[in-house]
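Written out below as structure tokens is the structure these notes cover.
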Amino acid sequence: MRQSSLVVVANRLPVDDTVAPDGAFEWRRSPGGLVSALHPILHDKPATWVGWAGGTGDAPTLPDVDGIHLHTVPLSADDVREHYEGFANATLWPLYHDAVEQPVYHRRWWEAYQRVNRRFAEAAARAAEPDAVVWVQDYHLQLVPGMLRALRPDLRIGFFLHVPFPPPELFMQLPRRAELLLGILGADLVGFQRSQAAHNFAQLANRVLKLPATDRRIAVDDRVVRIGAFPVSIDTAEMEALARRPEVVQRAQRLRRDLGDPQKVILSVDRMDYTKGIEQRLKAYSELIADGHVKVRDTVMVQVAVPSRERVEQYQILRDRVEREVGRINGEFGRVGEPAVHYLNQPFDRVELAALYRAADIMAVTPLRDGMNLVAKEYVAARVDDAGALVLSEFAGAAAEFQQAYLVNPHDLDGLKLTLMHALEASPEDVSSRMRAMRGHLRTHDIQAWATSYLNALVPGPSPAA
Ligand code: ADP
Ligand code: F6P
């Protein structure tokens, strides 16, 4: 098996399965994301990415993407049900997002979490050359750092959590909390989106494991584990270039025409997830219509909600509720050929997404809790015309960087309505000065900067793959 000096371990591989125009099945690199971030760091020494290709049964053999070797980890139907849909997405996901839905605890799911984490750790151990750097991603794989250290003490191990890390009063609910913390502490460097998360983690290491801990360092046996905030970002240049393409500009104009040439378009783009605040946003918009503050003909809403984790019960319930509410709003306020809410429950390609961003006067990103929210950053990057108002939840990680957004507490319905009105009525000068400031920030804080700063902190000195 091929061994690399840099190994990324993530639940998903950086490829999507697509059907080509001739009907053939093919794998394509996912746009943006960590792969493009690693590209400039890799030079001529290829890295390996260990991950799940989706589906069940035998792991497919996949071609390299952009010089990165893909090592697929197989999951059985039971693994998917109990690890991915169960412990990862029905226990940890709600618990780490302020328990906005009740986390579900099943002992069987914990067994599966351990089993699958061990499989990933063993695959990473085989893929890493002596003294390699291994970078483990996200909440699906929190036991991997500890397991990997036991298998391969020579490795330099990093762990990055893309989602929030909860405060002690929530995390303490977790039945296997000590083992989980110890798993993460197998890493040399633990990265979070925000410094508050690092603080929560340090407090828990101290309270649950009785370890000496500050917000920067935790002492574990004879080692020191460093912790800190490394806010993730997007490939800003790639999104800017896409948004400038003539086909995207034309498509954006066409979208506005198809929407009936309204004065204002409010857009939201989310995975269909209860953390995203979709219901609260729909309610705010429908009350604005009912109160007479906006007219459907003048101000339309486009809600893109891409299907996600569809076999998890809480996601099925959410989808039913959202669709019922969209139906109610359109039934009550729409006219023939003139719905109030344009609801799209489907994935889109990057060209269509960029065109939607460019067509929207207001981008409403109002999650109840979100580790970062890349959609907010994509919208800012796409507004190469410095137009467009970002209404952003204070509970998204992105709010720490985008203080110039129209910030809002999405739990406060009246506040949400007021902020939407503020953005709708803002002067073009106010909108563009805010957008310019955010775009300036994003140009220097892109995904390359994120990956470089994390890897430099993990391995001080020349870049690990150079
Ligand atoms: P999360 O990680 O919780 O899904 P983010 O906002 O951080 O939330 O990332 C969502 C990603 O999914 C973004 O890159 C966004 O462009 C993409 N995305 C969202 N909706 C769609 C859609 N309908 N079609 C294709 N991609 C989408
Ligand atoms: O940001 C959290 C996250 O779980 C990512 O790890 C993942 O790529 C994204 O949301 C989509 O979720 P899923 O992999 O469950 O489709």
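Here, each number is a calculation from the coordinates, and none is a lab measurement. Note that the coordinates shown come from a computational prediction; the quantities given were computed from them, not determined experimentally. Cβ sites come from the backbone with ideal geometry, for glycine too, and all protein chains shown count toward neighbours.
Give the order of T72, T48 when sorted by the count of other beta carbons within 10 angstrom, beginning with the fewest.
Least to most surrounded, the residues fall as T72, T48.
Which lysines, if any, have their Cα less than 27 Å from the Cα of K283, not counting same-chain residues under 8 positions apart?
Candidates past the 8-residue exclusion: K264, K295, K377, K417.
Please pull out the direction-averaged projected area of the chain, using the convex hull of its alpha-carbon atoms, in nm² to one decimal place.
22.0 nm²
Using the Karplus curve 6.51 cos²θ - 1.76 cosθ + 1.60 with θ = phi - 60°, work out ³J(HN,Hα) for each residue of the range 373-382 in order, rounded to whole Hz, and write x for Gly and Pro.
Coupling constants for the range 373-382: 5, 6, 4, 4, 6, 4, 4, 4, 5, 6 Hz.
Can you put W49, W450 in order of Cβ neighbours within 10 angstrom, beginning with the fewest?
Going from least to most buried by this count: W450, W49.
By how many degrees, 0 to 90 and rounded to 10, does the Cα axis of helix 313-333 deviate from the longest principal axis of the chain?
For helix 313-333, the angle is close to 10 degrees.
Give me the distance between the Cα centres of the range 301-334 and the range 149-201, rounded to whole Å.
Result: 34 Å between the Cα centres.
Give me, ordered by chain and number, the residues 5 or more places off R12 or on other chains with an amide H under 5 Å from its own placed amide H.
W52
Which of the peptides 295-302, 158-165 is most tightly packed, and how do the rest follow, going by the mean number of other Cβ atoms within 10 Å of each residue?
For the peptides 295-302, 158-165, the packing ranking is 158-165, 295-302.
Please list 3J(HN,Hα) in residue order for the range 104-119, calculated via the Karplus relation 6.51 cos²θ - 1.76 cosθ + 1.60 where θ = phi - 60°; whole Hz, with x for glycine and proline.
9, 10, 9, 4, 4, 5, 5, 4, 5, 4, 4, 4, 6, 4, 5, 5
I need K210, K377, K417 ordered by Cβ neighbour count within 10 Å, fewest first.
Ordered from fewest to most neighbouring Cβ atoms within 10 Å, K210, K377, K417 come out as K210, K417, K377.
Using the Kirkwood formula on the Cα atoms of the range 98-197, what hydrodynamic radius do you get, in angstrom to one decimal?
Value: 14.2 Å, from the Cα pair sum.
Once the mean 1/r over all distinct Cα pairs of the range 236-444 is inverted, what Kirkwood radius in angstroms do you read off?
After inverting the pairwise mean of 1/r, the radius is 17.0 Å.
Once phi is turned into ³J(HN,Hα) by the Karplus curve 6.51 cos²θ - 1.76 cosθ + 1.60 with θ = phi - 60°, what whole-Hz value does each residue of the range 146-154 show in order, with x for glycine and proline?
Result, rounded to whole Hz: x, 5, 5, 4, 5, 6, 9, x, 6.
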